[in-house]
Amino acid sequence: MKLACSSTAFDASLRNGDLTQLEWIDACAHEISADGVVLDVRHFPRSDADYLAQIKKMTTDLGLGTAALHCDGFFELDPAPMNALLETALAVGAPLLCASAPSETAASWSEVLARLGTATGLAKRHNVTLALRNAPGTFAATTHDMKRVSKEADSAWLRYAPDFGRLDSASEPEPLLAKAVLVWHPMGEASVAAAHLLDRFLGYVVLDDEAGAANVDTAKSALRRWRSALFEAVNRT
């Protein structure tokens, strides 16, 4: 398991100017000591080729993995902006593009399937895997929903990015791990049980704060707690 920070957790600081995206990346490496980062598309001040190349060079120089590009409304976009975001993922060196499914009130199931088909076709063309994040009220809210989307989409370019804390009480997290390429987890929580569940997961566990209120100190503490919980979980086995 590797630990990454998402810029969504720092949304308040990035939006009000306390941190720039570049300063945040530097802090993830030098102060927070994360293994990687997830870049939310909302926090790019520019999207030109020179700036995206700068992001890729900076993360490489700092030894950070770019775990994913995050865009919550990706599956609701038309093909052209979908394509542009996949090109952005390539430009910054992100192997994954992470997004939630559309809301159940925003589209019909047949419309969602059509968009999934378009998205996975573009993802295959760009060699960027789509990581489906569960969220309440969407077509991928539960373990059953996630498996249904995966089965109906029938594409190797669609995998899971579960947040086990957002699953309902009837959902089991374990069945999702076989196709999980990213796992989201609240920054403020680090239990030995969660670490034990994920101690053989080879991808990134992404620490997030839904309120977007994280700062460098809270993130640093969260990473420390996670590493301690993982050490304890491994030594229990």
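Taken together, the values in this text are just the output of simple stated rules run on the coordinates, not laboratory data. Not measured: the values here are computed from a predicted model. Backbone-built Cβ (ideal geometry, glycine too); neighbour counts: all protein chains shown.
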Practice item. Please state which one of Ala219, Ala213, Ala161 is under 18 Å from Leu39 (Cα atoms) and out of contact with any strand residue (DSSP E or B) (no Cβ under 9 Å at 6 or more places or on another chain). Key: Ala213
Study note, to complete from the structure: Across (1) more than 24 Å from Ala49 (Cα to Cα); (2) of a type outside the set (Ser, Thr, Tyr); (3) surrounded by 15 or more Cβ atoms within 10 Å (Cβ to Cβ); (4) without any contact (Cβ under 8 Å) to a residue 40 or more places away in the chain, Ala101 clears everything bar (4)
Check your understanding: Taking the range 182-221, which residues are crowded, with 21+ Cβ neighbours inside 10 Å and either more than 17 Å from the chain's Cα centre (by Cα) or part of a loop (DSSP other than H, G, I, E, B) (or both)?
Key -> Met187, Ala190, Ala194, Ala195, Gly203, Asp209, Ala214
Point to revise | Residue match in the range 222-231 (condition: outside any strand (DSSP E or B) and of a type in the set (Ser, Thr, Tyr)) | key: yes
Check your understanding: From the list Asp72, Asp35, Asp61, which one is surrounded by 13 or more Cβ atoms within 10 Å (Cβ to Cβ) and under 22 Å from Leu223 (Cα atoms)?
Key -> Asp35
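Each row is one residue, and each column tells you yes or no for (1) under 20 Å from Ala84 (Cβ atoms); (2) part of a loop (DSSP other than H, G, I, E, B); (3) free of Cβ contacts under 8 Å to residues at least 40 places away in the same chain; (4) of a type in the set (Asp, Glu).
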position: Arg115; (1), (2), (3), (4): yes, no, no, no
position: Gly121; (1), (2), (3), (4): yes, no, yes, no
position: Arg125; (1), (2), (3), (4): yes, no, yes, no
position: Ala131; (1), (2), (3), (4): yes, no, no, no
position: Ser169; (1), (2), (3), (4): no, yes, yes, no
